[in-house]
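J.: Got a structure for you, questions after.
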Amino acid sequence: MINEIQKDAQERMNKSLAALVNAFKKVRTGRASPAILEGITIDYYGTATQLSQVANIVVEDGRTLALNPWEKHLVPVIEKAIMKSDLGINPATSGDTIRLAMPMLTEETRKDFIKVARNEAEKGRVSVRNARRDANSDIKELLKEKEISEDEERKGEEQIQQLTNKMIAEIESLLAEKEKDLMKV
């Protein structure tokens, strides 16, 4: 019983960690990365489709991405989608290649992106703590129904707390890494 609760809590915490990693990919640094475009979708024959599924995305140099749409008529649609996104990047088109030059990050924008990263990390910590709370309440419910002893309850809650501490430490290390990456000039 307690093992199932722990597995469920661990799965939820791992999902929170994966969501945080995904959110950090969208916080751009000064370098070009195709992951920046992951959240952008276009209307492709009536279906919302990821950019990576309708174009080849290549890192040309450290600060430039090149998109080569597989169909020429998608060029203006992709340009529009990139401009509407909150990335702050203006596409430059030559023929059927769209180039995205990553602007240099100023000290102010770096600090703003760090605030965004810290906010995402806090959301991750809250999500992990919610998983802990739910697991602990499930364990208390088992105790109330007399399916486990008080010792088993205490042991289960300690294991859940250890798992929580491990996940929070992982979130902190991811945040520190992202902050270091953002402050790198």
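Here, each number is a calculation from the coordinates, and none is a lab measurement. The structure displayed is predicted, hence computed values, not measured ones. Ideal geometry is used to build each Cβ from the backbone, glycine not excepted, and the neighbour counts take in all protein chains shown.
J.: Please work out if Ile42 is crowded, with 16+ Cβ neighbours inside 10 Å, without any contact (Cβ under 8 Å) to a residue 24 or more places away in the chain and outside any helix (DSSP H, G or I).
T.: So Ile42 fails the test.
J.: Right, another one. Could you tell me whether Thr109 is part of a helix (DSSP H, G or I) and surrounded by 12 or more Cβ atoms within 10 Å (Cβ to Cβ)?
T.: yes
J.: Could you tell me how many of the residues in the range 1-25 are more than 18 Å from Arg133 (Cβ to Cβ) and crowded, with 18+ Cβ neighbours inside 10 Å?
T.: Going through the range 1-25 one residue at a time, the tally reaches 3.
J.: If you don't mind, another one. Among (1) polar (S, T, N, Q); (2) in a helix (DSSP H, G or I); (3) within 16 Å of the chain's Cα centre (by Cα), there is one condition Gln6 misses while meeting the rest; what is its number?
T.: (3)
J.: I would also like to ask the following. Can you name every residue in the range 124-162 that is under 21 Å from Asn22 (Cα atoms) and either aliphatic (A, V, I, L, M) or in contact with a Leu (Cβ under 6 Å, 6 or more places away or on another chain) (or both)?
T.: Gly124, Val126, Val128, Ala131
J.: With under 30 Å from Glu170 (Cβ atoms), free of Cβ contacts under 8 Å to residues at least 24 places away in the same chain and part of a helix (DSSP H, G or I) as the only criterion, which of Lys123, Lys115 stands out?
T.: Matching residue, one of Lys123, Lys115: Lys115.
J.: Still on this model: Considering only residues that are in a strand (DSSP E or B) and touching a strand residue (DSSP E or B) at 6+ places or on another chain (Cβ under 8 Å), look in the range 79-97 and name the one that is nearest to Lys26 (Cα to Cα). It would help to see each step written out before you state the result.
T.: Initially, the range 79-97 is screened for residues in a strand (DSSP E or B), giving 91-94, 97.
If we keep only those that are touching a strand residue (DSSP E or B) at 6+ places or on another chain (Cβ under 8 Å) as well, we get 91-93, 97.
Details: Pro91: 17, Ala92: 21, Thr93: 23, Thr97: 23 Å.
Among those that are in a strand (DSSP E or B) and touching a strand residue (DSSP E or B) at 6+ places or on another chain (Cβ under 8 Å), it is Pro91.
J.: Turning to a different aspect of this structure: Would you confirm whether or not the range 150-166 contains a residue that is surrounded by 15 or more Cβ atoms within 10 Å (Cβ to Cβ) and not in a helix (DSSP H, G or I)?
T.: Within the range 150-166, the subset surrounded by 15 or more Cβ atoms within 10 Å (Cβ to Cβ) is 152-153, 156-157, 159-160, 163-164.
Checking which are not in a helix (DSSP H, G or I) leaves us with none.
No - not one qualifying residue is present in the range 150-166.
J.: Taking Glu179, is it of a type in the set (Asp, Glu) and exposed (fewer than 11 other Cβ atoms within 10 Å of the Cβ)?
T.: On the way: of a type in the set (Asp, Glu): yes; exposed (fewer than 11 other Cβ atoms within 10 Å of the Cβ): no.
For Glu179, the condition - of a type in the set (Asp, Glu) and exposed (fewer than 11 other Cβ atoms within 10 Å of the Cβ) - is not met.
J.: Is one or more of the residues making up the range 138-149 outside any helix (DSSP H, G or I), within 28 Å of the chain's Cα centre (by Cα) and in contact (Cβ under 8 Å) with a residue 24 or more places away in the chain?
T.: The answer is no; no qualifying residue exists.
J.: Do the conditions hold for Thr41, that is, is it more than 19 Å from the chain's Cα centre (by Cα), under 30 Å from Glu179 (Cβ atoms) and not acidic (Asp, Glu)?
T.: Numbers: more than 19 Å from the chain's Cα centre (by Cα): no; under 30 Å from Glu179 (Cβ atoms): yes; not acidic (Asp, Glu): yes.
It is false that Thr41 is more than 19 Å from the chain's Cα centre (by Cα), under 30 Å from Glu179 (Cβ atoms) and not acidic (Asp, Glu).
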